[in-house]
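Below you'll find the structure, written out as structure tokens, and then a few comments.
No lab work stands behind these numbers, since they all come straight from the coordinates. These numbers were taken from a predicted model, which means no experiment stands behind them. Positions of Cβ are backbone-derived with ideal geometry, glycine not excepted, and every protein chain shown enters the neighbour counts.
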Amino acid sequence: MNDDEEIFDKVIGQLRLTIGAVLHPLRMYGQDHYVDTAIEELVSLAVQCHQKLSGIEVPYYVNEDKLHW
């Protein structure tokens, strides 16, 4: 793993932890599964946003199969 990959993984890990902290109150109401899947989708959207801001034009995609409704 090169330095860029390590930095990327570190930043994504910090983002996951931060989103998890924001959504933590939902865990007190038995929404653990929802929180876990929502975190992954929010991280995916953040990466997609970064790609758009970097000039890579891709449509936003949400994997609704993973979300718990």
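For this structure, a couple of remarks:
- Kirkwood-based Rg to Rh ratio, the chain, C-alpha trace: 1.03
- DSSP-assigned coil residues among chymotrypsin sites (Phe, Trp or Tyr not before Pro) in region 24-68, each with at most 15 further Cβ atoms within 10 Å: 29, 60, 61
- With the helix formula -39500 (n - 2.57) applied to DSSP H stretches of n ≥ 4, the chain reaches a computed 222 nm mean residue ellipticity of -24000 deg cm²/dmol.
- Highest-fluctuation residue, 12, 56, 39 considered, GNM on the chain with Cα pairs under 10 Å: 56
- Restriction of the GluC sites (Glu not before Pro) in the chain to DSSP coil positions whose beta-carbon has at most 11 other beta-carbons within 10 angstrom yields 57, 64.
- Highest-fluctuation residue, 47, 35, 11 considered, GNM on the chain with Cα pairs under 10 Å: 11
- Taking θ as phi - 60° and the Karplus parameters 6.51, -1.76 and 1.60, the scalar couplings of region 10-19 work out to 5, 5, 5, x, 5, 4, 4, 5, 5, 5 Hz in sequence order, x denoting glycine and proline.
- Here each label is just a point 7 Å from Cα along the line to Cβ, and for residue 40 and residue 63 those points are 0.5 nm apart.
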